[in-house]
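Have a look at the structure below before the remarks.
Just so it is clear, none of the values below were taken in a lab; they were calculated from the coordinates. Not measured: the values here are computed from a predicted model. Neighbour counts are summed over all protein chains in view; Cβ atoms, including those assigned to glycine, are modelled from backbone coordinates with ideal geometry.
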Amino acid sequence: MLDTLTQQPPDALLALIKLYDADPRPAKIDLGVGVYRTADGGTPVFACIKAAEAKLVAEQDTKAYLGPEGDMGFVHALMPHIFGGEDPSQGGRIDGMQTPGGTGAVRLAVALAKKAGVARVLMGTPSWPNHAQIMADTGVELVAFNHAAADGSADLDALAAALKAAQPGDAVLLHGCCHNPTGIDYTPAQWDAIVDLLAETGVLPIIDLAYQGLGAGMDEDAYGTRAVVARLPQALIAYSCDKNFGLYRDRVGAFYVFTRDAAQTQAALSNGHALARANWSMPPDHGAAAVRMVLEDAALTANWLEELASMRARIRQVRDTLAASGMAGTVNLVPLGQQQGMFAMLPLDKEQIAAIRADHAVYMAGSGRINIAGLTTDNIGTFVSALAAVSG
Ligand code: PMP
């Protein structure tokens, strides 16, 4: 029976990491993998996480099971940072559960939407490739619309047309901030217009907030999420702590449900618990417990926000330097200064991407996506010259 299974292609980005590692050229540049890097090229554990982990190891006296909802102290401690305001739960209308990373949260959001009757999810493309994979695997139809306009801003007309053409029972998946892979976010005014359209059409918003704090700021990056829960009757929110706490492999995420009242939110979440139980039973504890300990301690929270601010500043500085380079061959780098987060898409074709790797040791995804944080003051000039050489 198992011999019916055919070989699947390897994950393209993981294959790129292997090629990069095997390249002996000392000046090679890795713009492929989606992790934050310091100016020295490292991805260190946050100091606040190190401190929280030490405390956790010293104080934790059991590893007995929690439940499918995970560490609710963690889930609730994050809420003021995500939703803001005097009462981040809006009287219990918003509540959540811990998930294995943002991926687990997106998975639950799509599966729960499907259980509630959603058959189609609208989504701007290109998007994080796993979005489409999760929808296919969950059995909902993906209805794609164009995300990026030619000038490097968001194609709001395409989004508006998709929402206006929506059928009853449709959902829409929106990136909360730091769009992956384009870096093209909605402005506050655009979010307000999107919320108007959602109110008009009744399409269910699913917000994927995987990079809060890496764009313009913690509050700024939550603008859309907060506008949605301030003005609409319902929403699902998938959250990742893997980038903004540097916890990637520890798999730290949360899934939040927002409905008309506290009882309905708990009813919806009980379905989330059942889905989790059948998938992973319960999420891994360690990383989420460390985040909880950071957020329960004012000094550690301040350290976290400072570290995040320095990451944000570094991303901004690289973006500004790229934008100041203007044209690199045929590639216009100016819009990268207006965009946000770790990623940008460059309009290179397959041959140019192969040439920049072969001739200049610059490793980037086959889609043309680059990780902004892979660039430093030392290598940015080399990168811009390489871009000019392959595209000019
Ligand atoms: N959503 C988006 C848009 C992402 O880019 C990612 C990570 N690449 C995730 C969700 C999932 O993150 P995690 O590693 O926490 O599962």
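Numbers for the structure displayed
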item: Distance (nanometres) between label positions extended 7 Å along Cα→Cβ at Leu232 and Val35; result: 3.3 nm
item: Within the stretch 277-392: Cβ-based charge dipole about Cα centre, in debye rounded to nearest 20 (Lys, Arg +1; Asp, Glu -1); result: 260 debye
item: Among Ala150, Thr103, Thr259 the positive-end extreme of the charge dipole of the chain (Cβ point charges); result: Thr103
item: Within the stretch 65-296: Cβ-based charge dipole about Cα centre, in debye rounded to nearest 20 (Lys, Arg +1; Asp, Glu -1); result: 660 debye
item: Magnitude of the charge dipole, the chain, Cβ model with Lys/Arg +1 and Asp/Glu -1, debye to 20; result: 440 debye
item: Label-to-label distance, nm, for residues given as Gln190 and Leu66 (7 Å Cα→Cβ offset); result: 3.5 nm
item: Computed FRET value (nearest 0.05) for Met327 with Ala389, which takes r as the C-beta separation and R₀ as 22 Å; result: 0.95
item: DSSP-loop trypsin sites (Lys or Arg not before Pro) across the stretch 55-105, with at most 15 other Cβ within 10 angstrom; result: Lys63
item: Theoretical FRET efficiency, 1/(1+(r/R0)^6), r = Cβ-Cβ of Ile380 and Lys50, R0 22 Å, to 0.05; result: 0.15
item: Tail beyond 28 Å, pair distance distribution of the chain (Cα, percent); result: 47 percent
item: Inter-centroid distance (Cα atoms) of the stretch 308-352 relative to the stretch 40-78, Å; result: 33 Å
item: 222 nm mean residue ellipticity, helices alone, for the chain (DSSP H n ≥ 4; -39,500 (n - 2.57); rounded to 500); result: -14000 deg cm²/dmol
item: Mean shadow area of the stretch 290-392 over all directions, Cα convex hull, nm²; result: 7.6 nm²
item: Net lengthening on full extension, Asn130/Asp23 (0.36 nm per residue, minus Cα-Cα); result: 35.8 nm
item: Positive-end residue, the chain charge dipole about Cα centroid, Cβ charges, pick of Pro205, Pro126, Ala136; result: Ala136
item: Under-5 Å amide H pairs with Val143, H placed in peptide plane, nonlocal only; result: Val121, Leu122, Met123
item: Out-of-range pairs (alpha-carbon distance over 27 Å; input Lys50/Lys243; Lys28/Lys55; Lys243/Lys350); result: Lys28/Lys55; Lys243/Lys350
item: For Ala216, residues with placed amide H under 5 Å, excluding near neighbours; result: Asp221
item: Contour excess over end-to-end distance, with Cα ends at Ala354 and Gln266 and 0.36 nm allotted per residue; result: 26.6 nm
item: Added length on full extension, which subtracts the Cα-Cα distance from 0.36 nm per residue, Val57 to Glu306; result: 87.2 nm
item: Principal axis dimensions, the stretch 68-166 - Cα atoms, whole angstrom, descending; result: 43, 31, 22
item: Phi to ³J(HN,Hα) by Karplus 6.51 cos²θ - 1.76 cosθ + 1.60 over the stretch 232-238, Hz, x for Gly, Pro; result: 10, x, 7, 6, 10, 10, 9
item: Modelled FRET efficiency - R0 22 Å, Ala12 with Asn146, Cβ distances, 0.05 increments; result: 0.45
item: nm² value of the averaged projected area, convex hull over the Cα atoms of the stretch 65-296; result: 11.4 nm²
item: Derived scalar couplings ³J(HN,Hα) [the stretch 64-71; Karplus, 6.51 cos²θ - 1.76 cosθ + 1.60; whole Hz; x for Gly, Pro]; result: 4, 3, 8, x, x, 7, x, 8
